[in-house]
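Here is the structure we will look at.
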C-alpha cells in the first residue's frame, strides 16, 4: 500500500497522460486528410504541453521533499523526459501535415 501524499506521483502523472497520447497516435494513423492529421497533431501537442507541466511539477516535488537530483533513480529521470519526446514528435507531425494540408493522401 502506498501512503497518500499531497504531491503528485510521477508514475501516476505519466500513466494519466500516456494513455490519451497513445489514443491520439492511433487517431493520427486513421485520419483521412492532412488537415485532419494536423488537427489531431495540434490536440496531441496541447495534451503533451499539459503533460510536461504536470511532470515538471511532480519532479520538482520530489526534489523539494529533500531528495537530491542525483539520488533520484534513473527510471524516474527518464519518465520526467518522456513527454518531451512526444512533444517533439507532435510538433514535427503538425508542421509536416500543415505543409501538406492541400495534398491528398495516397492510398497504397
In the range 6-48, how many residues are farther than 13 Å from residue 93 by Cα, in contact with a helix residue (DSSP H, G or I) (Cβ under 7 Å, 6 or more places away or on another chain) and modelled with pLDDT of 90 or more?
5
Kindly indicate which of 56, 60 is closer than 14 Å to residue 13 by Cα, surrounded by 13 or more Cβ atoms within 10 Å (Cβ to Cβ) and without any contact (Cβ under 8 Å) to a residue 12 or more places away in the chain.
60
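The values are calculated or read from the model by the stated rules, or taken from the named source; none is laboratory data. In this text the structure is predicted, and so the values were computed from the model without any measurement. Quick reminder, even Gly has a Cβ in these numbers, built from the backbone with ideal geometry, and neighbours come from all protein chains shown.
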